[in-house]
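Read through the structure below, which is laid out as structure tokens, and then see the notes.
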Amino acid sequence: MVLVVVFGVALLIAVLLSGLAARTVLSTSFLFLVGGALVSDGFLGLIHITPDSEIVSVTADLALFAVLFTDGMHVSFPKLRENWRNPARALGLGMPLAFVGMALITHFVVGLDWTTSFLVGAVLAPTDPVFASAIVGRKEVPSKLRQLLNVESGINDGLALPVVLILIAAAGPASGDAEASLGKIALELVLGLVFGVVLPFVVNELVRFRLLGAEPKLQPLLPLAIGVTLYALCHLTHANPYLAAFSAGAVLTARSPEAKEAFEPLGEALAELAKFAALLVFGALLTPQLFGDLSFGGYVAVVLAIVLIRPASLLLSLLGTRFTRREKLVAAWFGPKGFASVVYGLLVLQAGIPQSEQAFTLIAVCIAFSIVAHSSTDVPIARLFNVEDIAGVPEGDGAPASRTAGQSQEVGAA
């Protein structure tokens with residue numbers, strides 16, 4: 001119950017400061033991260049959470065699913081068909097370059113073995129736009145840039161997972177299990193995609209029957225019911241829930257724009273709550289001991305991961321595109337490590353492989369630094385595109401602003 005009280009107080013403070021945060025470098029995400037750290041064993045000792053606590057994996061898993069489900073709803077298939085090449089470049093070239101680059105840094109600077117180094121690279125390769133919402137969620141920011149960041153982050157989580165699982169198997173005592181796992185991993189990915197496409201499609205067809213349909217006040221609960229059912233179905237069958245969540249959101253929007261419109265306010269609020277809860281719990285893991293356990297080489301690797309590996313890999317993948325220099329630099333900078341990396345990092349730790357603790361420490365510190373760096377720079381950088389009134393409070397002449405903290409607009413909107 002102490003954790004619930006802490007979350008309630010942190011939520012109240014975040015809401016009260018959200019207007020200020022949306023105008024400045026202050027970040028609500030950072031508030032929850034710091035709040036979790038302050039009440040943990042490392043400081044006040046009000047809550048006791050360890051990396052193997054079930055609440056850590058559950059909250060991170062739910063948050064990632066919720067964020068991907070709502071992100072999928074912001075995908076415009078017509079726009080994506082017209083501009084698929086940029087996300088394809090980021091996923092097909094930028095992500096592998098970041099993966100390999102991080103692995104090389106981890107091996108030569110931190111000193112982990114090659115398999116574990118590539119495992120760290122795979123865990124930190126996915127990006128998360130939830131910590132750059134002022135970029136992804138503004139119409140004033142060029143739609144092709146918003147689409148690139150949103151589609152890249154929505155799909156790369158699912159692409160990284162099989163690599164993470166294979167490398168965990170390869171790094172374990174019975175490394176021969178890696179080959180045996182390939183078929184299982186492929187099946188999980190396919191099942192996740194199938195569930196994510198079929199379930200919203202079938203539900204949408206059922207709504208068209210004359211005797212069926214939701215009354216207006218219950219319409220927002222229809223996509224919620226799909227999401228809850230999909231989440232449970234994926235975990236019962238071991239299907240990939242993240243690929244399922246993103247594809248389900250995209251299919252639901254394409255088949256039923258009215259359902260997306262009805263659900264969007266509720267969905268964004270639920271995704272924000274899940275995100276804040278996961279940040280609070282993750283922050284509780286960030287004890288002084290954790291930071292003290294990371295070597296000097298580890299801190300060098302963390303800095304290089306944020307300021308060199310991601311920017312360089314995406315800039316290389318965007319060579320020859322029609323992005324302006326400013327757009328390329330913004331896209332290259334916003335590669336925050338988010339909930340996917342948290343979940344995958346926990347998988348590494350719980351697998352009990354050699355050097356798993358060193359790998360998790362590096363991953364956790366990198367995620368923490370990334371959250372602080374990216375969530376505190378999204379608003380200033382958004383202003384480069386002449387974004388105005390990004391706070392959810394009246395400003396200047398008293399007119400209400402057009403954005404509340406964390407709210408996203410549809411990707412691909414003109």
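The values are calculated or read from the model by the stated rules, or taken from the named source; none is laboratory data. It should be emphasised that the depicted structure is a prediction, and the values quoted were computed from it without experimental measurement. Cβ: placed from backbone, ideal geometry, glycine included. Neighbour counts: every protein chain shown. For the accessible areas, the whole protein counts, side chains as well, though only heavy atoms, and no ligand, DNA or RNA atoms are used. Shrake-Rupley method; radii C 1.70, N 1.55, O 1.52, S 1.80 Å.
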Inset, instruction - Provide the FRET efficiency to the nearest 0.05 for the VAL197-VAL4 pair, computing r from the beta carbons and using R0 = 35 Å. - result: 0.45
Inset, instruction - Using only Cα atoms, locate the centre of region 219-283 and the centre of region 319-374, then give the distance between them in Å, rounded to an integer. - result: 23 Å
Inset, instruction - When a/c is below 1.5 the answer is rounded, else prolate if a/b is larger than b/c, else oblate, so apply that to region 1-134 with a ≥ b ≥ c taken from the square roots of the Cα gyration tensor eigenvalues. - result: oblate
Inset, instruction - Report THR115's accessible area, 1.4 Å probe, all protein chains in place, as a number in Å² to the nearest 10. - result: 50 Å²
Legend entry - Length-normalised contact order for the chain - Cα pairs under 8 Å, 6+ apart - percent: 34 percent
Inset, instruction - Go through (i) 21.0; (ii) 22.5; (iii) 21.6 and flag the label whose value is the computed Kirkwood radius over Cα pairs in Å for this structure. - result: (iii)
Legend entry - Residue among PHE263, ILE226, VAL203 farthest towards the positive dipole end of region 172-275, charges placed on Cβ: VAL203
Inset, instruction - From largest accessible area down, sort HIS74, HIS107; use a 1.4 Å probe on the protein chains. - result: HIS107, HIS74
Inset, instruction - State to the nearest 20 debye the size of the charge dipole of region 281-351 about its Cα centre, where the only charges are +1 on K and R beta carbons and -1 on D and E beta carbons. - result: 420 debye
Inset, instruction - Report Rg/Rh for region 248-326, rounded to two decimals, where Rg is the Cα radius of gyration and Rh the Kirkwood radius. - result: 1.16
Inset, instruction - With the Cα gyration tensor of region 177-243 in hand, convert its eigenvalues to equivalent ellipsoid semi-axes via √(5λ) and list them largest first in whole Å. - result: 32, 11, 7
Inset, instruction - In whole Å, largest first, what are the principal axis extents of the Cα atoms in region 201-342? - result: 65, 44, 28
Legend entry - Cα-centre dipole for the chain with unit charges at Cβ (Lys and Arg positive, Asp and Glu negative), debye to 20: 1180 debye
Inset, instruction - For every other residue with a beta carbon closer than 14 angstrom to the beta carbon of PHE99, add +1 if it is Lys or Arg and -1 if Asp or Glu, then tell me the sum. - result: 0
Inset, instruction - Can you pull the one-decimal nm distance between simple spin-label points at VAL190 and SER295, each 7 Å off the Cα toward Cβ? - result: 4.3 nm
Legend entry - Proximal lysines relative to LYS79, as straight alpha-carbon distance under 29 Å, when same-chain residues fewer than 8 apart are discounted: LYS139, LYS144, LYS260, LYS275, LYS328, LYS337
Inset, instruction - Considering only protein heavy atoms, with the full assembly of protein chains and a 1.4 angstrom probe, order LEU233, LEU68 by accessible area, largest first. - result: LEU233, LEU68
Inset, instruction - Could you provide, to the nearest whole Å², the per residue accessible area of region 74-125 with probe 1.4 Å? - result: 44 Å²
Legend entry - Per-residue [θ]222 nm for the chain (sum of -39500 (n - 2.57) over DSSP H runs n ≥ 4, rounded to 500): -21500 deg cm²/dmol
Inset, instruction - Might you work out the accessible area of ARG255 for me, using a 1.4 Å probe with all protein chains in place, and round it to the nearest 10 Å²? - result: 90 Å²
Inset, instruction - Counting residues in region 291-356 as N, plug N into 2.2 N^0.38 Å and put the Cα Rg over that result. - result: 1.44
Legend entry - Extension gain, PHE385 back to VAL307 (0.36 nm per residue minus Cα-Cα distance, nm): 25.9 nm
Legend entry - In nm, spacing of pseudo-spin labels at ARG208 and VAL58 (7 Å Cα→C-beta vector): 3.9 nm
